[in-house]
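Visitor: Supplied in structure tokens, the structure appears directly below.
Read-outs: derived from the displayed coordinates by stated rules, not from any lab. The shown structure was predicted, so the numbers you read here are calculated from the model rather than taken from an experiment. Glycine gets a Cβ as well: all are built from the backbone with ideal geometry, and neighbour counts include every protein chain shown.
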Amino acid sequence: MGDLSPARSSVSRMTRFVYATATTLDGYLADPDHSLDWLFVVDGGEQTLGELETFVNGVRVMVEGSSTYLWVLEHENLVEHPEKWQDFYGDRTTYVFTSRTDLPVVPGADVHFVNGSVADHLDDIRAAAGDADVWIVGGGDLVGQFSDAGALDEIHVSIAPVTLGAGAPLLPRRLDSTRLTLVETAQVGQFIQAKFRVTPSPA
């Protein structure tokens, strides 16, 4: 995924928190070993990632859990090749939610390791994003915490014709149809792409 500078507009808008990801047909992000290798063997996988670039164009902040962070580091060998960080994250600020204290750091990367609840860090994340989007990369439980905190505006999901039977779930929360509104669908290769608007839970 190439680096794209955030799209700018003369009209100020509110920060959007968007969960954009790919999932298996049975609702898993990764296999039990936290691997995403299943994604890259599906016809249309590379095209799906290309479609994601349009969304990434408006992103200034990325948020992810430690398992996602470690998978990208190990899969792309980013500690030894920090120049490749730009291919995935560009110059965007990245927040990694973790309780660990031994996570490797990519030289030159704008990464903030944070602990505690999502609510504790929302003000800082919003300030870093300005009027651009926040991409909640994953995993699913972290996305659930953003939902719990009232900071989940949209879900963009690419559904692959793969079943894993177990692994990391897409979103381990209950959101019924009163809170999820389908706004767009498309087919890309073997993937179904769907976008949902998320309505905050009643107070």
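Visitor: Where both residues lie in the chain, what percent of DSSP beta bridges are antiparallel, nearest 5?
Guide: Approximately 40 percent, going by the DSSP bridge assignments.
Visitor: Same structure, new question: Express in whole angstrom the spacing between the alpha-carbon centres of region 20-45 and region 130-203.
Guide: For region 20-45 versus region 130-203, the Cα centre distance is 14 Å.
Visitor: Could you check the spin-label model distance between LEU175 and THR101? Points 7 Å from the Cα along Cα→Cβ, value in nm.
Guide: If labels sit at LEU175 and THR101, their model points lie 3.5 nm apart.
Visitor: Does the chain come out rounded, prolate or oblate by the C-alpha gyration tensor, with a ≥ b ≥ c the root eigenvalues, rounded set by a/c under 1.5 and, if not, prolate when a/b is larger than b/c and oblate if not?
Guide: Rounded is the answer for the chain, as its axis ratio a/c remains below 1.5.
Visitor: Could I ask something else about it? Ranking request for peptides 83-91, 98-106, 127-135: highest mean number of other beta-carbon atoms within 10 Å first, then the rest in descending order.
Guide: Packing order, densest peptide first, comes out as 127-135, 83-91, 98-106.
Visitor: Based on the Cβ-Cβ distance from ASP120 to MET14, what FRET efficiency comes out when R0 is 22 Å, to the nearest 0.05?
Guide: Result of the calculation: an efficiency of 0.60.
Visitor: Right, something else. For ASP87 and LEU182, calculate 0.36 nm times their separation in residues minus their Cα-Cα distance, and state this gained length in nm to one decimal.
Guide: My answer for the length gained is 31.1 nm.
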